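Remarks on the structure that follows.
The values are calculated or read from the model by the stated rules, or taken from the named source; none is laboratory data. For clarity, every value in this text was computed on a predicted model and none was experimentally measured. Cβ placement follows ideal geometry from the backbone for every residue including glycine, while neighbour counts extend to all protein chains displayed. Ligands, DNA and RNA are stripped out before the accessible areas are found, and what is left, the full protein with its side chains, is counted by its heavy atoms. Shrake-Rupley method; radii C 1.70, N 1.55, O 1.52, S 1.80 Å.
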Amino acid sequence: MGWIKNIREFFWPLLEREVSSEINELVTNDVTVNQNNLQKTLDYVFDCYNAESDRRKTIEGKASSFIGTISVVTSVVLGVTSILVKENSNSEMKLLLAILILLLFVLTIYMSRTIWFSVRVLERSNYHSISVSDFLQSGQGDEYYKRIIVKVSNKIVRNTRTINNKVDNMTMAQEYFKRAIVVVVLYSFVILLLFLSKSVSDLYIQIQKGIGLLNAIDVSGWHLIILYILSIGSIVLSILAIKRRN
């Protein structure tokens, strides 16, 4: 039944939840770094903390961009659809209009799912920031640095789970956004077909009107005589001009 799952995943991807595991927090005895490398280790821990913080800000920035982009696209598509339905409500293009409305429905679902996961990215969650109290630790010398390393490292571990959850929601938002883009492309193609169909129909009507106008012209005998005289005159003048050139 793997092919059924693949088809479902193609149209309706689902988030595979990570198996939650207990957080193994560090204690001071776990820091067995050499005394000469304690300061470097502390700097490395702060770099890791800043990297995780930047990762969270990047994900939340993408989520905000998604929400803004989707709002604009949805407004444009709804406006175009309403105009097309009003202008072609009594035409013979009802099949194309029905396809447009169906695509609009699918697009709305994909856009809603994208916004849903984007909002979940921006939801308030448990995030542990470094504060002044983290540096107010007892101990002297190496013991003091070890306590700070343990404090910051445990915050990184806790924050990683929260950020990974944001990444999962952002991944789902991207998946539904990609499918929404495909629907927008199909939507544009159907609009092109609607435009071409209407243009061909209008062109056919204009040709029929032109033929009817030509058939309505009344040509008398005097008109034919004058036409023959003008034709013969132009032929004679052309022959004389050729002889002079030679």
(request) Obtain the nm distance between the two label points defined at Glu143 and Trp3 by a simple spin-label model: each point lies 7 Å from its Cα along the Cα-to-C-beta direction. (result) 7.0 nm
(request) Compute the Cα gyration tensor for segment 36-112, then decide on rounded, prolate or oblate, letting a ≥ b ≥ c be the square roots of its eigenvalues: rounded whenever a/c is under 1.5, prolate when a/b is larger than b/c in the other cases, and oblate in all that remain. (result) prolate
(message) Between Thr171 and Glu25, how high is the FRET efficiency from 1/(1 + (r/R0)^6) when r is the Cβ-Cβ distance and R₀ = 30 Å? Nearest 0.05.
(response) 0.65
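Given a cut-off of 26 Å, name the pairs among Lys57/Lys151; Lys178/Lys198; Lys86/Lys198 whose C-alpha atoms lie farther apart than that in the structure shown.
Result: Lys178/Lys198 exceed 26 Å.
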(request) Kindly report, to the nearest 10 Å², the accessible surface of Glu25 as traced by a 1.4 Å probe over protein heavy atoms only. (result) 90 Å²
(message) What does the extension gain come out to for Glu123 and Phe46, with contour length at 0.36 nm per residue minus their alpha carbon separation?
(response) 25.2 nm
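Among 31-40, 103-112, 171-180, how do they line up from the highest to the lowest mean number of other beta-carbon atoms within 10 Å? Write down the numbers at each step before the final one.
Numbers: 31-40: 11.6, 103-112: 17.9, 171-180: 19.4.
Per-residue Cβ counts within 10 Å, averaged per peptide and sorted highest first, yield 171-180, 103-112, 31-40.
For Lys243 and Ser75 in one chain, what is 0.36 nm times their gap in residues minus the Cα-Cα distance, to one decimal in nm?
Working: separation 168, 0.36 × 168 = 60.48 nm, distance 7.27 nm.
Stretched fully, the Lys243-Ser75 segment lengthens by 53.2 nm.
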(request) Using label points projected 7 Å from each Cα along Cα→Cβ, tell me how many nm separate Leu14 and Lys57, to one decimal. (result) 3.7 nm
(request) Give me the distance in nm between label points sitting 7 Å out from Cα along the Cα-to-Cβ direction at Arg158 and Val185, one decimal. (result) 4.5 nm
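Calculate, in nm to one decimal, what Val236 and Phe195 gain on full extension: separation in residues at 0.36 nm each, minus their alpha carbon distance.
Difference between extended and current length: 9.7 nm.
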